[in-house]
């Protein structure tokens, strides 16, 4: 009788693919994070001494005086803003969004973006203001 030689299964974990994935994720976050906190210059409404300035990790959506929408410095239509923010949400269901509405912007334009974001499931949406001098 001939004996067959059986090879043992390789039970070791290869870390190389995991390191590759983590490197790509790190690069993506390093590129997208500055876009989340920068925006266009706006004349924000004044709201007393307890103004809402937002945090550094919130996605900034801006509405200028002409009713145009921006995510960071990119001008987008209302539907495209919602799609972009949904794509940015990823796995973070507790993502905070700050809407920067120019004080001369149409109230309807600011509330339209806020309503659309609430409709697609964002619960933490705020309006950014400036401290009164």
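The values are calculated or read from the model by the stated rules, or taken from the named source; none is laboratory data. Just so we're clear, the structure is a prediction, and the values are computed from it rather than from any experiment. All Cβ positions, glycine included, derive from the backbone under ideal geometry; neighbour counts span all protein chains shown.
What number of residues in the range 119-133 are more than 13 Å from residue 61 (Cβ to Cβ) and outside any loop (DSSP other than H, G, I, E, B)? So the count comes out to 2.
Taking the range 84-108 as the range and being over 12 Å from residue 61 (Cα atoms), surrounded by 13 or more Cβ atoms within 10 Å (Cβ to Cβ) and at pLDDT 85 or above as the test, the residues that pass are 86, 105, 106.
Among the residues of the range 81-106, those identified as touching a strand residue (DSSP E or B) at 6+ places or on another chain (Cβ under 8 Å) and outside any loop (DSSP other than H, G, I, E, B) are 81, 84, 85, 88, 97, 98, 99, 100, 101.
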